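The values are calculated or read from the model by the stated rules, or taken from the named source; none is laboratory data. Because the structure is predicted, anything quoted here is derived from the model rather than measured. Glycine gets a Cβ as well: all are built from the backbone with ideal geometry, and neighbour counts include every protein chain shown.
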Amino acid sequence: MKYNVAIIGGGPAGYTAAEKAAAQGLSVVLFEKNALGGVCLNEGCVPTKTLLYSAKVYDTLKHASKYGISADAFSFDMDKIIARKNKIVKKLTGGIKLKMKEHHVEVIQGEACIRGCAADGTITIACADDTFEAENLLICTGSETVIPPIPGLAEAPFWTNREALQSKELPSSLVIIGGGVIGMEFASFFNSMGTEVHVIEMMDEILGGMDREISAMLRAEYTKKGVKFQLGTTVTAIHGNTVEVSKDGAVSTVTAEKILVSVGRRPVTKGFGLETLELEMNRAGVKVNPFMQTSRPNVYACGDITGFSLLAHTAVSEAELAIKHILGKAPQGINYLTVPGVVYTNPEVAGVGKTEEQLQQEGVAYTSRKLPMAFSGRFVAENEQGNGLCKILLSADGTILGAHLLGNPASELIVNLGIAIEKNMTARELNSMVFPHPTVGEIIKETLFT
């Protein structure tokens, strides 16, 4: 059984690569040990956003009177919320299976193991008691949750994102270790549903890597909602349901019904024979060139395995690029500067391009134009007493270097600014575009006009 392309991992990178390659007439075999869709679809991006939308609906009902709506009797059912999440995941994974079938992708359920690479470049893979050969290999094994070596953690009944997404019991209190994107999204959900939430972050601000001013504003928003933050704080030990922390030498404790560990993710590089290929690695993961090739030209690595941009939409773009390169149709690599980052809290946060902190560190001259989201009539109509911020960073000649938003629907607006950065547009050029009225997106035009 010899194929043009073999793919290990059926997440966003893997199933995208399989579909694109097969659509171009290449024979493809895809190996997945768990479920198609990977972490993103089964226990990450999609189920998290499904829960967050339920929480947003619940939040809307709690504040319905602000909009002239009487909603005195309402409640939520965690069993039904989880059941809806599972239904959506099942529907979407079924859609991926159908795509694979329509494009004649051979899907093998099981743990693939790379056996080696022959002198002619043919790669041998074993799976499910069979052996497969391929001219090209894409490694799309994704990432896994980092479990920090905290004393007592192994003995504690802690959650990761997987358990948090499956629980039908709403804890009365929750300690989240890690104030990054995943941690804040879970903080948003559980806070909306009435859980007392504590966030412990070792850095001096949440959402490291995002715009610092925006991150601070989001933290302030959730502080008003009742979330308790401990920044610049290290977790030193776990004693059952009690978390021991240290800040500036002072030791204290926080006790909660549940503990959620969310300190980051790392590439999956073990358990599938990667070492047999003797690929060049870097500190984060598998080293690749701008076309996703590893140190072996016919072996590609896409998605979290590279340890560079652990985002599903990055993985999809990298997979598309790799297949184009195999087909000889990839003129250039990905511009990672224009890959948006989004935090699906309520309100949402989104950013693309450079942050002020990055520009300052690089010594790049820039100007910052910013405006409260309340300058958009549509935003005011849909976000009673909401504020938010639109910030756009410009170079000396007016070229857009970065953009950062706080406020709904930031996740939908940020793509416009990403396109502007990709096309090296100036503030004048983007401001000359006609925006429909009334839309929240008009805030971009208003900000550039200031």
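Within region 204-236, the set of residues being closer than 22 Å to ALA410 by Cβ and of a type in the set (A, V, I, L, M) comprises ILE206, LEU207, MET210, ILE214, ALA216, MET217, LEU218, ALA220, VAL227. Taken over region 210-227, residues that are touching an Asp or Glu at 6+ places or on another chain (Cβ under 9 Å) and not hydrophobic (A, V, I, L, M, F, W, C) amount to 6.
Exactly one residue among ASN346, ASN335 is within 30 Å of LEU389 (Cβ to Cβ) and in contact with a Ser or Thr (Cβ under 9 Å, 6 or more places away or on another chain), and that residue is ASN346.
Give region 294-319 a look and list any residue that's buried (at least 18 other Cβ atoms within 10 Å of the Cβ), closer than 18 Å to GLN332 by Cβ and of a type outside the set (Val, Ile, Thr), or say none. TYR300, CYS302, PHE308, SER317, GLU318, ALA319, listed by residue number. Return the residues of region 17-48 that are in a strand (DSSP E or B) and of a type in the set (Asp, Glu); say none if nothing qualifies. Of everything in region 17-48, just one residue is in a strand (DSSP E or B) and of a type in the set (Asp, Glu), namely GLU32.
Scanning region 141-151 for residues that are surrounded by fewer than 16 Cβ atoms within 10 Å (Cβ to Cβ) and in contact with a Gly (Cβ under 8 Å, 6 or more places away or on another chain) yields one hit, VAL146.
Looking only at region 94-102, decide whether some residue is within 16 Å of THR276 (Cα to Cα), of a type in the set (Gly, Ala, Ser) and either more than 28 Å from the chain's Cα centre (by Cα) or assigned by TED's automatic domain parsing to the domain that holds GLU280 (or both). Checked region 94-102: no residue is within 16 Å of THR276 (Cα to Cα), of a type in the set (Gly, Ala, Ser) and either more than 28 Å from the chain's Cα centre (by Cα) or assigned by TED's automatic domain parsing to the domain that holds GLU280 (or both).
Selection within region 364-398: residues that are β-branched (Val, Ile, Thr) and either surrounded by fewer than 16 Cβ atoms within 10 Å (Cβ to Cβ) or touching a strand residue (DSSP E or B) at 6+ places or on another chain (Cβ under 7 Å) (or both). The member of this set that is farthest from ASN408 (Cα to Cα) is VAL364.
Restricting attention to region 423-440, the residues being in contact (Cβ under 8 Å) with a residue 60 or more places away in the chain, surrounded by 15 or more Cβ atoms within 10 Å (Cβ to Cβ) and either more than 21 Å from ASN346 (Cβ to Cβ) or not aliphatic (A, V, I, L, M) (or both) number 1.
Of all residues in region 6-27, those that are under 27 Å from the mean Cα position of the chain (by Cα) and more than 21 Å from LEU92 (Cα to Cα) total 1. Report yes if some residue within region 66-81 is within 28 Å of THR314 (Cα to Cα) and surrounded by 12 or more Cβ atoms within 10 Å (Cβ to Cβ); otherwise report no. Within region 66-81, not a single residue is within 28 Å of THR314 (Cα to Cα) and surrounded by 12 or more Cβ atoms within 10 Å (Cβ to Cβ). Restricting LYS247, LYS225, LYS287 to those that are more than 26 Å from GLY402 (Cα to Cα), buried (at least 17 other Cβ atoms within 10 Å of the Cβ) and not acidic (Asp, Glu) reduces the list to LYS287.
In region 32-55, which residues are over 18 Å from LYS87 (Cβ atoms) and in contact with a helix residue (DSSP H, G or I) (Cβ under 9 Å, 6 or more places away or on another chain)?
Our first condition is that a residue be over 18 Å from LYS87 (Cβ atoms); within region 32-55, this holds for 32-34, 38-39.
Residues satisfying the conditions are GLU32, ASN34, GLY38, VAL39.
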